[in-house]
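Have a look at the structure below before the remarks.
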Amino acid sequence: QVQMAEFGGGSVQPGGTLRLSCRASGYSFDSCMSWFRQAPGKEREWVAYIARFGTTAYVDSVRGRFTVSKDIDKNVLYLQMDSLKTEDTAMYYCAGSGRLGCSRSQSEYIYWGQGTQVTVSS
């Protein structure tokens, strides 16, 4: 029984900052967790992952601006988003694979949150 829920989305101006949170219940943080996003008319895109022992990876377009982290004691996954751009506008989802290894393919993730909207506009 796994449940995930995202929080922290909103509307900001370009250059602004948001921090997304994902509370995962019934999910082992020994497994991989990722953030995905999907903009209208576009395919869902992998954004970042964090593995069992803290190894992280990012899609090229957000590297240096976004930071993924986790609090194992609180069962919370975070995505710190700095220097936001209009092209970051999307619905953001947290996802868990249930596996120790990490993948960038959405087909490898079986646990998903409902999504939280991020809108960046002037």
Open item on the list: Step by step: first the residues of segment 1-30, then only those that are at pLDDT below 95 and part of a loop (DSSP other than H, G, I, E, B), then the one that is surrounded by the most Cβ atoms within 10 Å (Cβ to Cβ). Which residue is that?
Closed with: 27
Open item on the list: Give all pairs with beta carbons closer than 7 Å in which a residue from segment 7-18 that is polar (S, T, N, Q) meets a residue that is surrounded by 13 or more Cβ atoms within 10 Å (Cβ to Cβ); count only pairs at least 6 apart in sequence or on separate chains.
Closed with: 11/119; 17/81; 17/82; 17/84
Task: First in segment 51-69 and open to solvent by less than 70 Å² (accessible area, probe 1.4 Å), second anywhere and not in a strand (DSSP E or B), Cβ under 7 Å, 6 or more apart - done: 51/32; 51/102; 65/82; 65/83
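For segment 31-40, enumerate the residues that are among the hydrophobic types (A, V, I, L, M, F, W, C) and assigned to a strand (DSSP E or B). Can you show your working first?
Taking segment 31-40 and keeping what is among the hydrophobic types (A, V, I, L, M, F, W, C), we get 32-33, 35-36, 39.
The answer is 33, 35, 36.
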Open item on the list: Filter segment 75-102 down to the residues that are open to solvent by 30 Å² or more (accessible area, probe 1.4 Å) and either of a type in the set (S, T, N, Q) or without any contact (Cβ under 8 Å) to a residue 24 or more places away in the chain (or both) and list them by number.
Closed with: 75, 80, 83, 86, 89
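Open to solvent by less than 60 Å² (accessible area, probe 1.4 Å) and either among the aromatic types (Phe, Trp, Tyr) or more than 14 Å from residue 28 (Cα to Cα) (or both): is that true of residue 44 in this structure?
Numbers: open to solvent by less than 60 Å² (accessible area, probe 1.4 Å): no; either among the aromatic types (Phe, Trp, Tyr) or more than 14 Å from residue 28 (Cα to Cα) (or both): yes.
No: the conditions fail for residue 44.
Let's see how each residue does on (1) closer than 18 Å to residue 19 by Cβ; (2) of a type in the set (Ser, Thr, Tyr):
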{"residue": "57", "(1), (2)": "no, no"}
{"residue": "71", "(1), (2)": "yes, no"}
{"residue": "77", "(1), (2)": "yes, no"}
{"residue": "92", "(1), (2)": "yes, yes"}
{"residue": "101", "(1), (2)": "no, no"}
{"residue": "104", "(1), (2)": "no, no"}
{"residue": "115", "(1), (2)": "yes, no"}
{"residue": "119", "(1), (2)": "yes, yes"}
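Could we say that residue 37 is in contact with a strand residue (DSSP E or B) (Cβ under 7 Å, 6 or more places away or on another chain), modelled with pLDDT of 95 or more and closer than 15 Å to residue 10 by Cα here?
On the way: in contact with a strand residue (DSSP E or B) (Cβ under 7 Å, 6 or more places away or on another chain): yes; modelled with pLDDT of 95 or more: yes; closer than 15 Å to residue 10 by Cα: yes.
When the stated conditions are applied, residue 37 passes them.
The values are calculated or read from the model by the stated rules, or taken from the named source; none is laboratory data. Everything quoted here is computed from the prediction, not taken from an experiment. Because the Cβ atoms are built from the backbone with ideal geometry, glycine has one as well, and the counts that use them run over all protein chains shown. Please note that ligands, DNA and RNA were not included when accessible areas were found on the heavy atoms of the full protein model with its side chains. Shrake-Rupley method; radii C 1.70, N 1.55, O 1.52, S 1.80 Å.
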